[in-house]
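What follows is a short report on a single structure.
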Amino acid sequence: MTTLTLAAGRPTLADRLFSRSLATDAVLIAAGAGLTALAAQVVVPLYPVPITGQTAAVLIVGGALGATRGALAMALYAVLGLFLPVYSEGAQGISVILGPTGGYIVGFIFAAALTGYLAEREWDHKIFGGIAAFLAGTVVTFVFGMTWLAIALGLNLEQTLQGGLYPFIIGGIVKAVFAASVMRLSWLAVHRSDDRRNDAA
């Protein structure tokens with residue numbers, strides 16, 4: 001009998017750790033949104049866009065949950081922030097989404113979808129594949145974020161790059177490497193567990 005699940009793609013890390021079901025999907029989506037909310041409180045103040053830990057969480061959530069559940073986790077995070085102080089620095093409300101940083105939050109949804117899609121194709125099983133996948137997700141976030149930033153503040157291209165990209169390039173690379181390392185180590189642990197189970201059989 002087929003178990004209903006939102007994880008329609010190939011198994012991701014979450015699928016190796018938990019059984020597939022709608023109930024499990026709901027818990028994982030909520031956990032992904034919660035992890036992002038916690039990471040958002042790790043902030044280095046910077047105007048107009050602060051440096052936060054949430055972008056690394058987005059990459060890991062997308063990679064671990066896959067495209068559909070990863071995107072839904074980020075959509076849930078975005079919606080929760082309308083009512084609860086889960087955005088960076090404890091911010092909340094529609095004014096955040098409509099403000100200069102709103103595009104980054106919207107971009108998280110698409111970034112998680114892309115990294116999840118690539119994880120379903122096992123890019124995250126190897127360190128360099130993971131780095132490539134997570135850098136791609138980071139680029140997606142910045143495309144949405146910088147476009148929104150430029151519109152919200154009426155910036156030209158150079159001003160947008162100075163305020164919304166240049167200060168974050170090194171951090172974005174570091175976060176992609178960190179996320180890829182977390183996923184790679186997690187998969188190594190899963191494979192070792194499989195080997196021990198096979199040896200015991």
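Structure values in brief
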| item | result |
| --- | --- |
| Identity of the residue in the stretch 145-166, of a type outside the set (Val, Ile, Thr) and open to solvent by 70 Å² or more (accessible area, probe 1.4 Å), that ends up nearest to ILE97 (Cα to Cα) | TRP148 |
| Answer residue from the stretch 53-109, given it is of a type in the set (A, V, I, L, M) and not in a helix (DSSP H, G or I) and is farthest from VAL139 (Cα to Cα) among those | LEU84 |
| Selected residue (criterion: farthest from LYS126 (Cα to Cα)) from residues of the stretch 6-31 that are in contact (Cβ under 8 Å) with a residue 60 or more places away in the chain and touching a Leu at 6+ places or on another chain (Cβ under 9 Å) | LEU6 |
| Answer from GLY171, GLY116 - the residue that is over 23 Å from VAL96 (Cα atoms) and surrounded by 15 or more Cβ atoms within 10 Å (Cβ to Cβ) | GLY116 |
| Search result, residues across the stretch 34-52 that are part of a helix (DSSP H, G or I), open to solvent by 20 Å² or more (accessible area, probe 1.4 Å) and not hydrophobic (A, V, I, L, M, F, W, C) | GLY34 |
| Complete set of residues in the stretch 99-113 that are surrounded by fewer than 24 Cβ atoms within 10 Å (Cβ to Cβ) and within 17 Å of ALA57 (Cβ to Cβ) | THR101, VAL106, ILE109, PHE110, ALA113 |
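The values are calculated or read from the model by the stated rules, or taken from the named source; none is laboratory data. Just so we're clear, the structure is a prediction, and the values are computed from it rather than from any experiment. Cβ sites come from the backbone with ideal geometry, for glycine too, and all protein chains shown count toward neighbours. Accessible surface is based on the protein model in full, side chains and every heavy atom, while ligands, DNA and RNA are left aside. Shrake-Rupley method; radii C 1.70, N 1.55, O 1.52, S 1.80 Å.
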